[in-house]
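Every number here is computed from the coordinates shown, using simple stated rules; none is lab data. Note that the structure is a prediction, hence the values are computed from the model and not measured. We place every Cβ from the backbone using ideal geometry, glycine too, and count neighbours over all the protein chains shown.
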Amino acid sequence: MIAAGLLLQPFFGYMHHRRYIRTQQRSAWAPLHVWYGRALLLLGILNGGLGLQLASGSPAYSRVGMIAYSVLAAVAGLALLGLIVHTHVAKTKADQRAKVDA
């Protein structure tokens, strides 16, 4: 299901890019593309963990692998969250500067 969702992401990016080239402004496609991508990243991380849980009965499963995946998934999730917060703060500061300059 997530892999099927990945097929839409390039379409959203293309539509945003096409509109941006014409108007030099962000359109409704931009936040859709960004937030949809973020959601897909988080769902992909969760999907990997669920897949490892399902594999727990197979000979290829290892407890060390599960722990390593959990640690890497947590680091990736926190990095994504940090990036979202950083982007929001930077955009807010830029908006405030633009109001002062205007």
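Descriptive notes on the structure:
- Failed item, numbered, when Arg26 is tested on (1) within 22 Å of Ile84 (Cβ to Cβ); (2) touching a Gly at 6+ places or on another chain (Cβ under 9 Å): (2)
- Tally, over region 26-45, of residues that are in contact with a helix residue (DSSP H, G or I) (Cβ under 6 Å, 6 or more places away or on another chain) and of a type in the set (Val, Ile, Thr): 1
- Members of region 4-27 that are within 27 Å of Leu43 (Cα to Cα), over 14 Å from the mean Cα position of the chain (by Cα) and among the hydrophobic types (A, V, I, L, M, F, W, C): Ala4, Leu7, Phe11, Met15
- Residue within region 58-74 that is loosely packed, with under 13 Cβ neighbours inside 10 Å, in contact (Cβ under 8 Å) with a residue 12 or more places away in the chain and of a type outside the set (Ser, Thr, Tyr) present: yes
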